[in-house]
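Presented below is the structure to which this report refers.
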Amino acid sequence: MLYTHAINRWDGSGATVDAATRTAQLEGGGLLRLPQLPFAFNDAERALLTPAVLEPGKKNISYDLARDRLAGVAGDAALQSLMHGMIRRYAQQSGALVEAMFPHYRGQLRDGRTSFRPAEIEGRVTSPKKDDTRLHIDAFPATPVQGQRLLRVFTNVNPNGRPRHWRTGEPFETVAKRYGRQFDPAPALQRKLMQMLKITKSYRTVYDDLMLRTHDAMKLDPVYQKSVAAEHIHFAPGETWIVFTDSVSHAAHSGQFLMEQTFYLPADAMLDPAQSPLRILERLRGQPLLN
Ligand SMILES: O=C(O)CCC(=O)C(=O)O
Ligand SMILES: [Fe+2]
């Protein structure tokens with residue numbers, strides 16, 4: 001479901017519905033679209049709008065607000081500093097936005113990575129599992145979330161009027177019934193070893209394992225990709241959108257120049273934790289999954 005909101009400032013003002021309604025839309029698997037919330041680049045920062053700012057082999061520039069660390073930028077100190085200021089501002093503004101829009105989550109959201117994506121998606125060659133033009137739910141091999149939600153804010157910053165073309169697919173519970181119910185997770189010892197060998201940044205729980213298998217199975221199933229009901233969305237430059245990408249099936253087909261901020265939220269901090277992928281999978285499989 002797509003819900004359009006009139007919010008037009010990063011402090012959340014311009015809203016026409018109350019916070020509980022917004023939060024319920026988000027938790028129910030909705031994508032909240034804010035067509036009047038652009039992210040402004042100043043005159044100097046417009047020089048950053050080129051894939052030439054990427055280090056060779058990288059598709060994103062990434063920033064860690066907690067550590068104030070920028071990665072993936074090719075360029076001299078002046079360019080690094082310009083990039084740093086721009087991406088840090090996006091991290092702070094998107095943080096202020098979600099705090100204002102979802103007061104229920106205040107104090108519970110943790111900042112994840114911020115990214116700037118100056119490369120064109122269409123025609124990019126990647127391995128099937130890394131191919132985000134295929135419908136998927138987000139789950140990352142090296143970064144277990146241990147049941148936490150992945151809340152993400154995106155803004156199209158394309159300077160040439162080009163939209164970002166997405167598709168969104170079926171609800172999480174339907175995806176989970178199709179895939180997440182059938183897998184046997186890897187043994188705990190193997191997952192423990194992956195942590196010890198630093199293949200994963202923390203312990204990959206059964207939940208993380210099942211989410212990753214679901215992510216891979218979706219992407220590796222060409223019949224599913226072709227036949228599943230999905231809605232096309234074209235986000236114009238100047239639009240911002242917010243979605244739980246661990247539960248909302250999505251694919252990004254084309255577009256260039258995007259800002260993105262990830263937040264982690266404990267499942268139990270939701271208004272309705274029963275709608276979290278963790279609780280849905282636990283219910284379908286009849287067992288706790290954070291082991
Ligand atoms: O780059 C995009 O538009 C979205 C790609 C994607 O699947 C994601 O960031 O989770
Ligand atoms: Fe994704």
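In the set (1) part of a loop (DSSP other than H, G, I, E, B); (2) modelled with pLDDT of 95 or more; (3) within 26 Å of Asp221 (Cβ to Cβ); (4) more than 11 Å from ligand 1 (Cβ to nearest atom), Val125 fails one condition alone, (2). Could you please give the count of residues in region 149-182 that are under 19 Å from the mean Cα position of the chain (by Cα) and either within 16 Å of ligand 2 (Cβ to nearest atom) or farther than 24 Å from Asp111 by Cα (or both)? So the answer is 22. Of all residues in region 205-215, one or more are touching a helix residue (DSSP H, G or I) at 6+ places or on another chain (Cβ under 6 Å), more than 28 Å from Ala96 (Cβ to Cβ) and within 16 Å of ligand 1 (Cβ to nearest atom). Considering the conditions (1) within 16 Å of ligand 1 (Cβ to nearest atom); (2) buried (at least 16 other Cβ atoms within 10 Å of the Cβ), Glu120 is excluded by exactly one of them, (2).
Which one is farthest from Ala40 (Cα to Cα) among residues in region 95-117 that are open to solvent by less than 20 Å² (accessible area, probe 1.4 Å) and within 14 Å of ligand 1 (Cβ to nearest atom)? Across region 95-117, the extreme among qualifying residues is Gly112. One residue stands out in region 239-273 among those that are more than 10 Å from ligand 1 (Cβ to nearest atom) and among the charged types (D, E, K, R): the one that is surrounded by the most Cβ atoms within 10 Å (Cβ to Cβ), namely Glu239. Scan region 51-93 for residues that are part of a helix (DSSP H, G or I) and within 17 Å of the chain's Cα centre (by Cα) and report the count. Number of matching residues: 5. Looking across region 150-178, the residues that are polar (S, T, N, Q) and open to solvent by less than 50 Å² (accessible area, probe 1.4 Å) come down to Thr155, Asn156, Asn158, Thr168.
From the list Ala74, Ala119, Ala78, the lone residue that is touching a residue at least 40 places away in the same chain (Cβ under 8 Å) and of a type outside the set (Lys, Arg) is Ala119. Under the condition of being part of a loop (DSSP other than H, G, I, E, B) and either under 23 Å from Asp68 (Cβ atoms) or modelled with pLDDT under 95 (or both), the residues counted in region 94-121 number 5.
Residue by residue through region 31-85, note down the ones that are among the acidic types (Asp, Glu) and touching a helix residue (DSSP H, G or I) at 6+ places or on another chain (Cβ under 6 Å). Spell out the reasoning first.
Residues of region 31-85 among the acidic types (Asp, Glu): 43, 45, 55, 64, 68, 76.
Glu45 - this is the single residue of region 31-85 that is among the acidic types (Asp, Glu) and touching a helix residue (DSSP H, G or I) at 6+ places or on another chain (Cβ under 6 Å).
Leu189 passes every criterion in (1) more than 30 Å from Gln92 (Cα to Cα); (2) within 13 Å of ligand 1 (Cβ to nearest atom) apart from (2).
The number of residues in region 17-42 being within 27 Å of Gly161 (Cβ to Cβ) and open to solvent by 60 Å² or more (accessible area, probe 1.4 Å) comes to 4. When you scan region 133-149, do you find a residue that is at pLDDT 95 or above, open to solvent by less than 10 Å² (accessible area, probe 1.4 Å), of a type outside the set (D, E, K, R) and part of a strand (DSSP E or B), even just one? Within region 133-149 (the criterion being at pLDDT 95 or above, open to solvent by less than 10 Å² (accessible area, probe 1.4 Å), of a type outside the set (D, E, K, R) and part of a strand (DSSP E or B)), the answer is yes, since at least one residue qualifies. Residue count for region 203-227, restricted to those that are among the aromatic types (Phe, Trp, Tyr) and open to solvent by 30 Å² or more (accessible area, probe 1.4 Å): 1. Whether any residue in region 43-50 is surrounded by fewer than 13 Cβ atoms within 10 Å (Cβ to Cβ) and free of Cβ contacts under 8 Å to residues at least 24 places away in the same chain is what I want to check. Scanning region 43-50 turns up at least one residue that is surrounded by fewer than 13 Cβ atoms within 10 Å (Cβ to Cβ) and free of Cβ contacts under 8 Å to residues at least 24 places away in the same chain.
The values are calculated or read from the model by the stated rules, or taken from the named source; none is laboratory data. Since this is a predicted model, take the numbers as computed values, not measurements. Neighbour counts run over all protein chains shown; Cβ positions are idealised from the backbone, glycine included. Ligands, DNA and RNA are excluded from the accessible area calculation, which covers all protein heavy atoms including side chains. Shrake-Rupley method; radii C 1.70, N 1.55, O 1.52, S 1.80 Å.
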